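Heads up, the thing below is written out as structure tokens.
The values are calculated or read from the model by the stated rules, or taken from the named source; none is laboratory data. Just so it is clear, the model here is predicted, and its values are computed rather than measured. Glycine gets a Cβ as well: all are built from the backbone with ideal geometry, and neighbour counts include every protein chain shown. Surface areas here come from the heavy atoms of the whole protein model, side chains and all, with no ligands, DNA or RNA. Shrake-Rupley method; radii C 1.70, N 1.55, O 1.52, S 1.80 Å.
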Amino acid sequence: SLAEIQVYAAASRAYQALEPGEKQEYLQSYDQACARYRELRQAYVDSKDWETEVPKDPRAPKRVPAPERFYALQVQDEPRFDNLSKKDRQRAIKDEYDSLSPEQREKLHAQHHEARVRHARELQEYNAGAREEFRSREPTVERAA
């Protein structure tokens, strides 16, 4: 904003009016702040285990798609979308979804709700047993160097 620019300009003029000996104090403070930042950043980088990656359990329940995605999955393979690029196909499907009647949308939302209930049940079962079994194994996947 204009006020910030005016403050920066006034600070710049005041700094330029200082004698070289007076500027030294500010330069030392700046150098100390930069050195402290580099130390903190290096400590953060060193604290991370960048070489190992925890694998995801392939048996874990998959996320529930949104109602829009249910519609897209139903119509994406229809022949009317064959001549369109991926981007144009997605745009056309979205436009069609936006023009659906409330009754049609209600059906998609009902499918979404059923899938959420099923996902909650599967996740509960997974958390009860399979997850602990998977966690007990050692992680073996490593990021390629």
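Once all protein chains are placed together, ASP31 keeps about 90 Å² accessible to a 1.4 angstrom probe.
Pairs of Lys residues in the chain, spaced 8 or more positions apart or belonging to different chains, with C-alpha separations under 22 angstrom: 4 in total.
Summed over the residues of the chain and divided among them, the accessible surface reaches 86 Å² per residue at a probe radius of 1.4 Å.
Highest mean first, the peptides 19-26, 114-121 sorted by other C-beta atoms within 10 Å per residue fall in the order 114-121, 19-26.
How far, in degrees from 0 to 90, does helix 2-16 lean away from the longest principal axis of the Cα atoms of the chain, to the nearest 10? Value to nearest ten degrees: 30.
The candidate values are (i) 8, 16, 15, 16, 16, 16, 11, 2; (ii) 10, 24, 19, 15, 11, 9, 6, 4, 2, 1; (iii) 12, 32, 22, 16, 11, 6, 2, 0; the one derived from this structure for P(r) over Cα pairs in 10 Å bins from 0, in percent carries the label (i). Surface composition of the range 6-135: carbon plus sulfur atoms contribute 52% of the solvent-accessible area (1.4 Å probe, protein chains only, all chains present).
Packing here is the average count of other Cβ atoms within 10 Å per residue, and on that basis the peptides 39-47, 60-68, highest first, run 60-68, 39-47.
Could you check the spin-label model distance between TYR44 and ARG118? Points 7 Å from the Cα along Cα→Cβ, value in nm. With each label placed 7 Å out from Cα toward Cβ, I get 4.3 nm. Most tightly packed first, judged by the mean number of other beta-carbon atoms within 10 Å of their residues, the peptides 91-100, 7-16 read 91-100, 7-16.
Using C-alpha pairs under 8 Å with a sequence gap of at least 6, the mean separation divided by the residue count of the chain gives a relative contact order of 39 percent. GNM on the chain, alpha-carbon springs under 10 angstrom: the most fluctuating residue among ARG69, ARG105, ARG80 is ARG80.
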